[in-house]
Amino acid sequence: MEPTHFPITNWSEDDRPREKLMLKGKSALSDAELIAILIGSGSRNESAVDLSKRILASVDTLNSLGKMSLAQLTNFKGIGEAKAISIIAALELGRRRRAEDVGDLVKITSSKLVFEIMQPIIGELPHEEFWVLFLNNSNKVILKSQLSKGGISGTIVDVRLVFKLALETSATGLILCHNHPSGLLKPSEADIKITKRLKIAGDSLDVKVLDHLIITETKYYSFVDEGIF
């Protein structure tokens, strides 16, 4: 006897996103439907999808949702600790996946590609970090390294350490990256000064500083693209 298939209209509202995913695939679901699957159920007066829509309406982007704390999520009526933890864990996995999607030995062909590599790593941080991409003579990334981590006011970069790592990895090129938690893309005097110091040091060691990117959550500033190099 063949199994009976119930039309999606016969499923409860909380179960319909699951059925839709099975029938149409994951790309057919809205953000609210995907979150509804994570939280599993709504309440007597609100379906999981409606609850998810209410949560999404409170933020600008999924990135903003990913920054919400356990306490902030549990402020929503219908979201307990278990559901909040499911949301946090899923969005963190998504962030880590983006960070891994562009791995080592990828060839750098544009500043946009550098942004795509580094945005998942530093673009959403509340503090400033300075990173260096070390490239071989084919412009492929052989190492990504955090050089400093500081408060919102800035970071301290050890020029000697940058080139010690460059020599250890036989890198022939460097791309400097740091984030601005404020969202402002304009380089500071300190940004310009450290770039010049590193460029001069690199020229003497035949390790070229190819670019310096300032990265925010959604945008970037390239020294090369802006004609500062």
> Going through the DSSP H helices of the chain, which span 27 Å or more along their own axis at the Cα atoms while scoring at least -0.5 as a mean Kyte-Doolittle hydropathy?
Replying inline: 81-101
> Which one, (1) 1.16; (2) 1.31; (3) 1.57, gives Cα Rg over 2.2 N^0.38 Å as derived from the coordinates shown?
Replying inline: (2)
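Provide the three semi-axes, in whole Å and in decreasing order, of the ellipsoid equivalent to segment 105-222 as defined by the square roots of 5 times the Cα gyration tensor eigenvalues. Mind dumping the intermediate values first?
Values: eigenvalues 91, 52, 28 Å².
For segment 105-222, the ellipsoid semi-axes come out as 21, 16, 12 Å.
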>> Let's see if you can work this out: charge +1 on each Lys and Arg Cβ, -1 on each Asp and Glu Cβ, no other charges. What is the dipole magnitude of the chain about its Cα centre, in debye to the nearest 20?
In response: 240 debye
> For the chain, what is the percent of antiparallel DSSP beta bridges, rounded to the nearest 5?
Replying inline: 75 percent
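In what sequence, highest mean first, do 36-42, 22-28, 48-54, 90-96 appear when ranked by Cβ atoms within 10 angstrom? Present the calculation step by step, with values, prior to reporting the outcome.
Values: 36-42: 19.1, 22-28: 9.7, 48-54: 21.1, 90-96: 14.1.
Result, highest mean Cβ count within 10 Å first: 48-54, 36-42, 90-96, 22-28.
What length, rounded to one decimal in nm, is gained on full extension from Ser204 through to Arg97, with 0.36 nm per residue of separation minus their alpha-carbon distance?
Values: separation 107, 0.36 × 107 = 38.52 nm, distance 3.79 nm.
Full extension of this stretch gives 34.7 nm more.
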> Tell me, in nm to one decimal, what length is gained between Asn45 and Ser58 on full extension, where the rule is 0.36 nm per residue of separation less the Cα-Cα distance?
Replying inline: 2.7 nm
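Where both partners of a DSSP beta bridge lie in segment 122-229, what percent of those bridges are antiparallel, to the nearest 5? Before the final figure, lay out the partial values.
Details: 17 of 24 bridges.
Counting DSSP beta bridges with both partners in segment 122-229, the antiparallel share is about 70 percent.
Bear in mind that the values in this text are calculations on the coordinates, not laboratory data. Note that the structure is a prediction, hence the values are computed from the model and not measured. Quick reminder, even Gly has a Cβ in these numbers, built from the backbone with ideal geometry, and neighbours come from all protein chains shown.
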